[in-house]
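The values are calculated or read from the model by the stated rules, or taken from the named source; none is laboratory data. Quick caveat, the model's predicted, so the values are computed rather than measured. We place every Cβ from the backbone using ideal geometry, glycine too, and count neighbours over all the protein chains shown. Just so you know, the surface numbers come from the protein's heavy atoms only, side chains and all, with ligands and any DNA or RNA stripped out. Shrake-Rupley method; radii C 1.70, N 1.55, O 1.52, S 1.80 Å.
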Amino acid sequence: MIHVKSAFTHVHLRMNVPLFCEEHPLKKNIYFTIALYIFIALTFAQKSEELHVVGVYEGHYSPGVTHGVQEDPQDPENNINVHPAGKVEIVIKNTTNEARTITIALCAHEPVNWHVKCPKNVVVRRVILGGAYEQKVAGIPMSTPIYTGSFYCHQRKSQNYYKMVQELKSFTILPISSFQGRYRGKQFFINAAAIKRAQQLQEYDYNEELHIIGAYQGKVPQEKELIYKRKMLQYHREIQKQRQAEKQKKQGKKTTIKIKKILPPQKPQGVIDVFVKNTISQPQLAVLVLCAYDRVRWNIKLDKDVAIKQIILGGYYDPEITGITDDVPVYKIASYVYKRPSKNYNETIKHIKYFSQLPISGFQSKYTGSSFYVNLGDGEHFRNVEKQKIIERESIILPPELSKKVNEWLMKSKYVVDKQKNRSYTFQGKLRCYDEKNMPIAVKQINKYLPKPSHPRGLAFDSKRRKLILVTLGGVGYMYNYNVDTQEWSLVRSMKNKDFVAITYSEEEDCVYAFPAAFGDNMVSSIQKMSFDGRMIGTLKLTEPIIVETFAQVQMKIFSNYLVITTRGKSYVVNIESGITREMRK
């Protein structure tokens with residue numbers, strides 16, 4: 001096999017004589033002529049060649065097998081770092097009658113045994129392996145060259161992806177035709193003629209639409225669900241026995257129970273049916289994005305005059321799909337979404353744009369999905385509704401006087417103000433006080449007889465009782481009061497694990513609004529109302545969730561009928577009466 005790079009290394013252009021001059025010695029050199037012809041031939045050949053990249057962090061392991069720090073079976077008192085080889089299957093398809101030539105790059109952080117299934121009308125020109133540990137490949141001809149590198153990547157938007165692209169340039173000049181990545185991979189499909197098929201579909205008069213379907217889990221048959229619940233009960237019993245045995249071992253007592261690692265039973269695979277219908281007379285071409293967190297098998301059922309351009313599968317676990325022909329390209333991404341707005345929704349949209357530039361024509365989601373209906377032809381209506389929502393969201397305008405006060409507060413939102421004495425307070429490790437000239441004023445700190453404040457987050461000023469209200473997160477959490485006149489601290493109550501990251505006092509309602517900590521999907525959909533002594537008295541539901549990172553610094557202030565919330569450079573306005581929420585635009 002002749003490489004362009006190695007062919008050109010034999011041509012030494014060291015002369016100062018122009019190449020097109022008849023006196024140039026390379027003009028008479030037969031080796032230069034041969035190398036030039038080889039370069040031209042390979043350049044034209046590589047125009048039809050495609051580079052497909054698949055990346056995972058780890059492969060698929062057998063039950064009970066995992067990597068990382070584990071107990072040494074020969075010496076239970078010591079731990080060893082284990083890195084077993086996982087398995088990943090690569091299925092290559094050719095959707096045309098023409099023979100195709102491709103280069104595949106396979107990379108993983110952990111050791112992986114890659115098994116390639118290739119049809120007869122596809123030639124794998126070269127295989128490029130990359131990883132932090134040893135990578136092996138099987139299923140390709142012995143004559144196929146294999147190159148190895150140190151790159152690995154399973155997420156496109158990462159520093160490792162940039163490093164991978166740079167390192168691949170040392171092996172091939174081909175651009176990346178497709179990239180699929182997942183944290184844990186079992187099977188991937190590569191369409192060796194993905195670009196060719198897209199060009200063929202453009203020749204037909206199809207109306208193209210992109211639809212997103214999301215679910216947390218699929219519908220599991222009742223019998224399998226009962227079996228899974230029984231196994232989970234047995235698993236928890238075994239865990240309790242193991243804990244008792246470990247406790248007895250630490251106490252020096254003998255036990256007949258053998259201490260071993262117990263893995264939870266695997267959750268059964270759910271099933272989701274997707275019915276794709278055509279609502280207009282024009283033939284339809286669909287791009288389906290199917291996302292689920294749990295293990296799911298997607299069943300696709302197509303109407304007449306409907307063709308699938310491509311399918312993008314997303315999920316934490318490896319999904320499966322049935323009901324499509326072999327010529328449909330299937331791509332897998334690491335993200336998933338089952339509600340919006342959310343951080344996962346934004347990440348999924350970014351991943352989709354690498355495969356399709358079509359606007360979103362439909363979005364459906366359920367926590368437990370059993371069946372979805374995709375109506376092709378309604379995309380324009382969906383987009384008009386989305387535009388109207390944006391217009392309505394941006395149409396909420398604060399009065400000019402109120403907007404001026406909000407902007408002034410945003411400049412020093414970390415402080416609560418006692419207007420009567422013109423003093424500002426903040427709590428950063430300890431209570432600090434400043435006068436109107438921003439000069440520090442000595443104040444008393446929490447005495448040793450009260451619980452030490454751990455992770456203080458919310459601070460507000462009760463102007464009616466002239467007390468500071470402090471809320472902490474650490475442990476069960478506590479609410480404190482500080483009388484600004486007598487400079488005395490008091491413990492109000494335990495928060496009983498109700499975590500809040502910001503509070504503000506409403507003088508008109510004589511209550512405290514509390515912004516809860518965000519967990520899981522980083523969305524806050526309601527704000528709690530408390531009495532001045534910490535009792536829960538109501539909930540303000542938001543029309544749109546506020547996305548905020550877990551335990552991020554949040555400041556909140558009430559202005560007339562509006563709550564203004566600021567976090568990490570973003571500010572939101574909430575109407576107290578209606579709960580209408582919008583992001584403030586600068």
Near-label residues of region 294-311 by backbone N, under 18 Å of a point 7 Å along Cα→Cβ of Gln266: 294-298
Solvent exposure ordering (accessible area, 1.4 Å, most first) of Asp485, Asp499: Asp485, Asp499
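What is the calculated FRET efficiency for Gln248 to Lys117, with r their C-beta to C-beta distance and R₀ = 56 Å, to the nearest 0.05?
The pair Gln248/Lys117 has a calculated efficiency of 0.60.
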Kirkwood hydrodynamic radius of region 400-584, Cα pairs, Å: 16.7
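How big is the charge dipole of region 53-153 about its Cα centre, in debye rounded to the nearest 20, if each Lys and Arg gets +1 on its Cβ and each Asp and Glu gets -1 on its Cβ?
Computed about the Cα centre, the dipole is about 980 debye.
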Rounded accessible area of Leu233 (nearest 10 Å², 1.4 Å probe): 100
Relative contact order %, region 400-584, counting alpha carbon pairs below 8 Å whose residues are six or more apart: 12
Solvent-accessible surface (1.4 angstrom probe) belonging to Tyr183, in square angstrom, nearest 10: 90
Ordering of 161-169, 101-109 by packing [mean C-beta count within 10 Å, highest first]: 101-109, 161-169
Placed amide H near Lys332: partners under 5 Å, 5+ positions off or other chain: Gly181, Leu313
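Suppose accessible area is computed on protein heavy atoms with a 1.4 Å probe; arrange Lys258, Lys267 from highest to lowest.
Heavy-atom accessible area, descending, gives Lys258, Lys267.
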Within region 291-308, backbone nitrogen closer than 18 Å to the virtual label 7 Å beyond the Cα of Thr325 toward Cβ: 300-308
Rounded accessible area of His236 (nearest 10 Å², 1.4 Å probe): 100
Efficiency of FRET between Val91 and Lys350 - r from beta-carbon atoms, R0 25 angstrom, step 0.05: 0.40
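Taking every DSSP beta bridge with both residues inside region 255-347, roughly what % is antiparallel (nearest 5)?
Around 0 percent of the beta bridges assigned by DSSP in region 255-347 are antiparallel ones.
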Asp533 paired with Tyr183, simple spin-label distance in nm, labels 7 Å along Cα-to-beta-carbon: 4.6
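Based on alpha-carbon atoms only, what is the radius of gyration of region 119-195 relative to the globular estimate 2.2 N^0.38 Å? Intermediate values should be presented prior to the final figure.
On the way: Rg = 13.1 Å, N = 77, 2.2 N^0.38 = 11.5 Å.
My calculation over the Cα atoms of region 119-195 gives 1.14.
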Largest to smallest accessible area among Ile349, Ile90 [probe 1.4 Å]: Ile349, Ile90
Estimated inter-spin distance, Gln487 and Ser170, nm [label 7 Å along Cα→Cβ]: 6.7
Radius of gyration and Dmax over the Cα atoms of region 232-360, both given in Å: 22.7, 79
Sites Ser463 and Tyr367 - FRET efficiency at Förster radius 41 Å, r taken between beta-carbons, to 0.05: 0.40
Label-point gap, in nm, between Ile146 and Lys224 - each point 7 angstrom along Cα→Cβ: 3.5
Zone residues, region 248-287, relative to Asn299, backbone N less than 18 Å from point 7 Å out along Cα-to-Cβ: 268-277
Leading residue at positive end of dipole, region 405-499 (Cβ point charges), from Val484, Pro456, Asn438: Pro456
Centre separation in Å (Cα based) which lies between region 213-243 and region 497-551: 34
